[in-house]
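Shown next, in structure tokens, is the structure this report addresses.
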Amino acid sequence: MPAGSTQPNPPSPQWALRLALSLSQRLSASRRQPDQGLTLIEGLVAIIVIAVTIVSITPPIFWATGTRVQNRKVEQASQIAQGEIDRVRAIVERGGYTLNQLPPVPFGTAQEDIIRGTTIRAPNAPTATLISSKPLCNTNTETAPTNYQQYIPIDTDNPPNEPANVCKPEFLVQTFRSLGVDSNGNPATGLATPEGFVMGVRVYASVAEAELRANRGEIRQASLKGTSGLGGQRLRPLAVQYSTIVRSIASQNLSIYRKLCPASAATTGQC
């Protein structure tokens, strides 16, 4: 060894022990890392992804559900309108009917306007009767309204948990007809029952009652396509139908039908 140089001291046993212990702890930590849970950042990212997914799919679900409910109401309203037309047609087919069994006449209104429905105002008052599926609520007398601006409340829903004496109409029905013609094809006059006439039916939702009573109701059918809300049903009918009613048992009634719905009229296809 050269003169004047000093020999390095060998590592002490304590230093070697500390080094071994440190390496052992690092190795143990690296082995435990795969078994550890999510970090805070990873948890926040997962929460954000779930929240974005929920926000993205919730509106379409509500929209689809609401549209389905509205379509169901329109379908029920259409069935009610068609049922009223079929009821009046059955009365006429049986014969022996009276004027109070037929829809009211808006006097001074042309027959073409009945079919178009352009001058027949919306109803503004209820009748004294209620048609209901509940026996305790049903007060129907099979008598038509005396005024075409009256509507008939109809209760079609019967929830299992609702008391039998709770009467809440879901629909409001307005019916009207033209003056009609007699068996000879002449305009019906006085108290003579017509052999044929044109009738119309409008079915409003119960939510429109306040607007109808305030004379703010409209006559054009509501459009509920692509909506989950009430749309125009607060003012407009859910269903509007027109039909020509003629007794089919008499041979001359074909000519009566042609008079009520001539092929050259602007309303062809609506009778």
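The values are calculated or read from the model by the stated rules, or taken from the named source; none is laboratory data. Not measured: the values here are computed from a predicted model. FYI the Cβ positions are ideal-geometry reconstructions off the backbone, even for glycines, and counts take in every protein chain you see.
Filter the stretch 124-181 down to the residues that are modelled with pLDDT of 85 or more, outside any loop (DSSP other than H, G, I, E, B) and closer than 21 Å to S78 by Cβ and list them by number.
Scanning the stretch 124-181 gives Y151, I152, P153, I154, D155, F171, L172, V173, Q174, T175, F176, R177.
What single numbered condition from (1) modelled with pLDDT of 65 or more; (2) in a loop (DSSP other than H, G, I, E, B); (3) closer than 18 Å to V201 by Cβ fails to hold for T244?
(2)
Conditions tested, residue by residue: (1) in contact with a helix residue (DSSP H, G or I) (Cβ under 7 Å, 6 or more places away or on another chain); (2) more than 24 Å from P237 (Cα to Cα).
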| position | (1), (2) |
| --- | --- |
| L130 | no, no |
| Q149 | no, no |
| V166 | no, yes |
| P169 | yes, no |
| L179 | no, no |
| V203 | yes, no |
| A210 | no, no |
| R213 | no, no |
